[in-house]
Amino acid sequence: MPAGVEWHEMARQWWADVWSSPMSPEWDDSDLHNVILCAMLYNDIWMAETAKDRKDAAAEYRLQRKDLGLTPYDRRRLEWTIETASEAREKGEKRRSASKPKAPADDPADDPRNGLRLA
């Protein structure tokens with residue numbers, strides 16, 4: 001975070017969250033200026049002394065964060081995906097198969113499930 005600013009704890013958390021988010025690898029060096037601007041605006045929301053100042057900072061923050069893909073709608077507009085449907089499906093299948101009971105390693109004929117038949 002830039003020095004020389006009194007940072008509210010919520011702004012510090014915001015900074016940590018955005019840099020650990022899946023969107024941050026999408027940003028290039030020129031986006032750093034917008035990230036800093038958004039951090040300052042987010043800080044202004046928390047440091048505002050009046051409701052009007054807080055509302056003004058929140059309105060500007062809402063406008064500026066769009067370009068960073070910080071909301072689901074903005075990610076969609078930028079055509080960014082955090083996880084594709086096929087990746088989610090593969091992870092789900094892997095998770096489900098890990099919880100399925102395994103067939104006995106012994107002789108398959110000894111598996112009691114083999115006695116089950118459809119009528």
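Structure notes:
- Residues in the stretch 39-44 carry Karplus couplings, in order, of 4, 5, 5, 5, 4, 4 Hz; the curve used is 6.51 cos²θ - 1.76 cosθ + 1.60 with θ = phi - 60°, and Gly or Pro positions show x.
- The charge dipole of the stretch 29-78, taken about the Cα centre with unit charges on the Cβ atoms of Lys, Arg (+1) and Asp, Glu (-1), comes to about 360 debye, rounded to the nearest 20.
We did not get these values from a lab; they are worked out from the coordinates using the rules stated. All values derive from a computational prediction rather than experimental measurement. Using ideal geometry, Cβ is built from the backbone for each residue, glycine included, and neighbour counts are taken over all protein chains shown.
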